[in-house]
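The values are calculated or read from the model by the stated rules, or taken from the named source; none is laboratory data. As the structure is a prediction and not an experimental result, all values here were calculated from the model. Here the Cβ is made from the backbone with ideal geometry for all residues, glycine too, and neighbour counts use every protein chain on show. Each accessible area value is taken on the protein alone, full model and side chains, heavy atoms only, with ligands, DNA and RNA left out. Shrake-Rupley method; radii C 1.70, N 1.55, O 1.52, S 1.80 Å.
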Amino acid sequence: MVNPGTEKIVAEDLNIYYGPLHVLKNVTLSVRNHEILGIIGPANSGKTSFLKALNRLNDLNPNCRMSGSIRIDGKDINREMDAEDIRKRVAMVFALPLPLPMSIFDNIAYGPRRHGIKNRKELERIAEKSLRSAFLWDEVKDRLTGSAMKLSGGQQQRLCIARTLAVDPEVILYDEPCSGLDPISTAKVEEAMFELKARYTQILVTNNVKQAARVGERVAFFLMGELVEADDAKKIFTAPNDKRTEDYITGRFG
Amino acid sequence: MKLSPKWKQRIAFSVLGLASVVVIVPVIVIFSILIEKGLPAINWEFLTAMPRMGMRAGGIFPAIAGTMYLVLGTIVVALPLGVLAAVYLVEYARQNWMTRMIEVAIVNLAGVPSVVYGLFGLGLFVIFLKFGSSILAGSLTLSIMVLPVIITASKEALSSVPQSFREASLALGVSKWQTIRCIVLPNALPGILTGTILGVSRAAGETAPILFTVAAFYLPRLPKSVFDQCMALPYHLYVLSTQVPNVNPKIQYGTALVLVALVFILNFLAIVVRAHIRGKKQW
Amino acid sequence: MRKFRESLIEKFILLNGLASILFVILIFFFLAKDGVALFKTVRLSDFLFGIFWDPLAEPPQFGIVPLFLGSLMVTFGATAISVPLGIACAIFIGEIAPRWMREFLKAGVELLAAIPSIVIGFIGMTMMAPFVKKMFSLPTGLTALSGAIALAFMAIPTIVSIMEDAISAVPRSYREGSFALGATHWQTIYRVIIPAASSGIVASVMLGIGRVIGETMAVMMITGNAAVIPRTILEPVRTMTATIAAEMGETVRGSDHYFALFAVGMVLFLITFAINLIADAALHRERK
């Protein structure tokens, strides 16, 4: 069982509704420090809703209601923390690369600047460190002032990861980060995720079962808003407890 | 005799085409007249000198300058007010009765007759707030008049900024206002400016709202402060064409042409700004 | 601290959002404040139903009827001209004209919209009025008809642009369905597209009327400014707007005349308010 001392995030009895739709049903799931948790499941199974609940991006949707609790390091994110603070600590990388329409450097510096870092030297240091961690530094170091919109899709996605790292989060959420990328770019993003393991807790939502198997240490399987099971990746992919999990990972549906 | 559908169509289309000609020909005629009769009046002195001999000679410089002051004053007041109102409606407002009330109010502001704005400006700014007949009172009156145009254009510009930009920023823990200030507004700015210039170009040509709030019949000097009266091109044209006898038509047409040119330069500026962003838009 | 600043900013933005409501209320309040003062000395019925407007007579007469009829006649004339022309032009631009002609016509209509009303008034006064005078052999060309023609051209851009939006909002499939049944282009236009865009027509007509009834300078210069009840459209009239603009300069602040002009403004405001509500309701229904 999960050792309480190493739990980073605990979601308990989480229910999410979009208007009349019940998109997440009684989900209880914990995430451990410095692990990569893969979340798999077919479309509309509630994976992304779960992810967006973890940093309160669901707040932006006025039709969204929620019950249950999510705790990070024991603190309830909805009742004991500001949305901005939780989003700073639990950052998110989106499905499509979303560079902001400004230069590469400004993209990275955007978060730190808003959080009060104005010193140019300091910003440059953060930019280099973040870009190195996201395996992008060598490709862009000569054109930091160029437009981020001119990068390739894979580069843009790693830029988004770097931008996320620049605000110094504790947890990184990935919402199908490779869905728009070619295999080589995907490999680079995955490589970056391994590299980041030492410092961050990471949660990867993907509908690519193979990617979850490659990257995830533990894997959770969602189906129609329910958490079917969550276990070590090895266990899920070799001897799942639930028949539905087996059907999904062997490609019988989804 | 019954007409075949084909013939009916031919007749109907000819009638519609004719109607379009009837609409468009006067536009061409108006411009030809203005240019033909107004252009000979325009020279350096006409644009830069004070009027002389009871406005029957000399230039129209104070009227041009006055209109510029009013345009600037209108921008200074209406732009922030209009943009922030649009920010409220696009970024903060929920779908409820209050939002609906605001929308209805904007629609109605857009429909208030210009002379009623003049009365309102007289009642509120000139008399009640004791600004007197002044550039300040005139600019404020014009600002409220163009507010609906600026709000509508700004709303459109703000809504056209992709939602994903907002999410990307918010996901970094950046607050909502900072997101609006640093991401949404800069990206909506060109659209906002286009709408503002169009609104202000309307203000530049209006006469009725400034009639009782700022316009001076004859004031051959430049205003010294915002509490001064000033001359303005549209009012000057009105004065020249109805209030002063024996004015050389050349001066009247010249003034009309300068006014139209000024309005069109502003419109042209808006088109240039719009074209410029269309070319540069990256998403 | 940051939280506090943020909520302060949000409150400030809300205030700006509410400003439009505030202005509508303020406009009404300041019109009513001075307008209602008239009725201390003049009976409301004498104002609303009085058939003489003569502020300089002894005693002064403040009957709004001639002004109202003047506005009505000019508005009616302008609407009768601008609505058919505007709708026809919008259909031609939206459905029939080839691309280059469409761009040309649209630019022309936009140019028309940008001409200040004082310039229309000036051209109307110096060019059109003599023409009308000669054509109908009248003592003066400054008549309700001249005003109606000038105003029609100021309303046309409004009508064309709203109408065109309504036409282009008709789903493609309606058109294709009609063509598929073998209908001609014209049959499709008047049996399918015009009915489907009908609420846009209502809105464009209402807003066009709103534009015309509130128009001031051009009307003041062209209609001849006679505050008497008009019998035909070929006589000079004076509208409510022109009366305010022309007489405000000569009044003494706080006199009955001054208050009467505000009362006229109040009537104008209420009329345009109603017209805009109807137009907005029509557009709102269309969106749903």
Give the residue from A:69, C:259, A:161 lying farthest towards the positive end of the charge dipole for the protein assembly as shown; charges sit on Cβ (+1 for Lys and Arg, -1 for Asp and Glu) and the dipole is referred to the Cα centre. A:161
For chain A, report the translational diffusion coefficient in µm²/s to the nearest whole number, using Stokes-Einstein at 20 °C, 1.002 mPa s, and a Kirkwood Rh over Cα pairs. 115 µm²/s
Tell me which of B:135, B:117, B:88 sits at the most positive position along the dipole axis of chain B, charges placed on C-beta atoms (Lys, Arg +1; Asp, Glu -1). B:88
What residue among A:30, A:152, A:133 shows peak mean-square fluctuation when chain A is described by a Gaussian network model with Cα springs under 10 Å? A:152
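Where only protein heavy atoms count, and the probe is 1.4 Å, what is the accessible area per residue for chain C in Å²? Each step should come with its number before you reach the end.
On the way: 12970 Å² over 288 residues.
Accessible surface, normalised per residue, equals 45 Å².
Roughly how many debye, to the nearest 20, is the charge dipole of chain C about its Cα centre, given +1 on each Lys and Arg Cβ, -1 on each Asp and Glu Cβ, and no other charges?
Details: 22 positive and 19 negative charges, 149 e Å.
Taking the Cα centre of chain C as origin, the dipole is about 720 debye.
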In degrees rounded to 10, the 0-90 angle between helix A:183-196 Cα long axis and the longest Cα principal axis of chain A is 90 degrees
Using only the Cα atoms, what convex hull volume per residue in Å³ does chain C have? 201 Å³
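Per-residue mean of other chain beta-carbon atoms within 10 angstrom of the beta-carbon, peptide C:186-192?
Details: counts 9, 4, 1, 4, 2, 0, 0.
Mean shielding count: 3.
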Going through A:75/A:243; A:52/B:155; A:197/A:235; A:75/A:129 one by one, the pairs whose alpha carbons sit over 26 Å apart turn out to be A:75/A:243; A:52/B:155; A:75/A:129
How large is log10 I(q)/I(0) at q = 0.09, 0.22, 0.25 Å⁻¹ when the Debye formula is applied to the Cα atoms of the range A:72-176, each weighted equally and without solvent? -0.23, -1.16, -1.40
Cut-off under 20 Å on the C-alpha distance; same-chain residues fewer than 8 positions from residue A:150 excluded. Which aspartates and glutamates are left, in chain and number order? A:106, A:128, A:138, A:139, A:142, A:182
Could you give each residue of the range B:190-200 its phi-based ³J(HN,Hα) in whole Hz, using Karplus coefficients 6.51, -1.76, 1.60 with θ = phi - 60°, and x for Gly or Pro? x, x, 4, 4, 4, x, 5, 4, 4, x, 5
Of C:78, C:246, C:148, the one that fluctuates the most in a GNM where chain C has Cα springs shorter than 10 Å: C:246
Cα extents of the range B:22-76 along the three principal axes, largest first, in whole Å? 38, 34, 19
The range C:1-151 - Debye-derived log10 I(q)/I(0), Cα point model, q = 0.13 Å⁻¹: -0.96
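Within the set of other residues whose C-beta is less than 15 Å from the C-beta of residue B:123, count the net charge using Lys and Arg as +1 and Asp and Glu as -1. Don't skip to the end; give the middle numbers.
Details: positive: B:130, C:33, C:253; negative: C:34.
Surrounding charge for residue B:123 is +2.
With all distinct Cα pairs included, what does the Kirkwood hydrodynamic radius of the range C:181-281 come out to in Å, to one decimal, could you say?
With all distinct Cα pairs of the range C:181-281 included, I get 16.5 Å.
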Could you work out how far helix C:256-287 tilts from the main Cα principal axis of chain C, as a 0 to 90 degree angle to the nearest 10? 10 degrees
Just the number please: accessible area per residue for the range B:62-280, 1.4 Å probe, all protein chains included, in Å². 35 Å²
Given backbone amide H placed at 1.01 Å from N, residues whose amide H is under 5 Å from that of residue A:28, ignoring those fewer than 5 places away on the same chain, are A:13, A:14
With charges set only on the Cβ (+1 for Lys and Arg, -1 for Asp and Glu), what does the dipole of the protein assembly as shown come to about its Cα centre, in debye to the nearest 20? 840 debye
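Which whole number in µm²/s is D for the range A:156-254 by Stokes-Einstein, with the Kirkwood Rh taken over Cα pairs at 25 °C and 0.890 mPa s?
Answer, rounded: 169 µm²/s.
Can you give the net charge of the other residues whose Cβ lies under 13 Å from the Cβ of residue C:59, counting K and R as +1 and D and E as -1? List each step's numbers first, then the result.
Working: positive: C:43; negative: C:46, C:54, C:58, C:256.
So the environment of residue C:59 carries a net charge of -3.
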If each part is reduced to its alpha-carbon centroid, the range A:149-211 and the range A:225-254 end up apart, in Å, by 24 Å
What's the buried accessible area, both sides, between B and C using a 1.4 Å probe, rounded to 100 Å²? 6500 Å²
Taking H as built 1.01 Å from N, whose amide H comes closer than 5 Å to the amide H of residue A:226, not counting residues under 5 places away? A:25
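Hey, any idea what the orientation-averaged projected area of the convex hull of the range C:27-85's Cα atoms comes to, in nm²?
Seen from a random direction, the Cα hull of the range C:27-85 projects 5.5 nm² on average.
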Using each residue's phi in the range B:239-250, evaluate 6.51 cos²θ - 1.76 cosθ + 1.60 at θ = phi - 60° and report the 3J(HN,Hα) Karplus result to the nearest Hz, with x for Gly and Pro. 4, 4, 8, 10, 9, 10, x, 6, 8, 4, x, 4
Excluding residues on the same chain fewer than 8 positions from residue B:250, give the aspartates and glutamates whose Cα lies under 18 Å from its Cα. B:36, B:45
So what's the range A:1-77 giving for Cα Rg divided by 2.2 N^0.38 Å, two decimals? 1.10
Let me know the charge dipole size of the range B:62-280 about its Cα centre in debye, to the nearest 20, where only the beta-carbon of Lys, Arg (+1) and Asp, Glu (-1) is charged. 260 debye
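Can you give me the % of accessible surface on chain A that is carbon or sulfur? Probe 1.4 Å, all protein chains present, nothing else counted. Mind dumping the intermediate values first?
On the way: 5410 of 11100 Å².
Within chain A, the accessible surface is 49 percent carbon and sulfur.
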How long are the three semi-axes of the equivalent ellipsoid for the range A:189-246, computed from the Cα gyration tensor as the root of 5 times each eigenvalue, in whole Å, largest first? 22, 12, 10
Value of Rg to Rh for the protein assembly as shown (Rh from inverse mean 1/r over Cα pairs, i.e. Kirkwood): 1.07
For the range B:62-280, take the alpha-carbon Rg, divide it by the Kirkwood Rh, and send me Rg/Rh. 1.05
Can you show me the helix-derived [θ] at 222 nm for chain B, built from DSSP H runs with n ≥ 4 at -39,500 (n - 2.57) apiece and divided by the number of residues, rounded to the nearest 500. -22000 deg cm²/dmol
Percent accessible area from carbon and sulfur atoms, the range C:45-287, protein chains only, probe 1.4 Å: 66 percent
So what's the convex hull volume per residue for the Cα atoms of the range B:159-218, in Å³? 112 Å³
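Using 0.36 nm times the number of residues separating residue B:10 and residue B:129, minus their current alpha carbon distance, what extension gain do you get?
Details: separation 119, 0.36 × 119 = 42.84 nm, distance 6.23 nm.
Using 0.36 nm per residue and subtracting the Cα-Cα distance, I get 36.6 nm.
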With θ set to phi - 60°, apply the Karplus curve 6.51 cos²θ - 1.76 cosθ + 1.60 along the range A:35-43 and write out the HN-Hα couplings as whole Hz, x wherever there is a Gly or Pro. 9, 10, 9, x, 10, 10, x, x, 4
Once amide H atoms are placed 1.01 Å from N in the peptide plane, what residues at a sequence separation of 5 or more from residue A:39, or on another chain, have their amide H within under 5 Å of its amide H? A:204, A:205, A:206, A:220
Computed [θ] at 222 nm, deg cm²/dmol, chain A (DSSP H ≥ 4; -39,500 (n - 2.57); rounded to nearest 500): -10500 deg cm²/dmol
Under a Gaussian network model of chain C whose springs join Cα atoms within less than 10 Å, the largest fluctuation of C:230, C:195, C:171 belongs to C:171
Hits among lysines - C-alpha to C-alpha of residue C:33 under 18 Å, sequence gap 8 or more where chains match: B:130
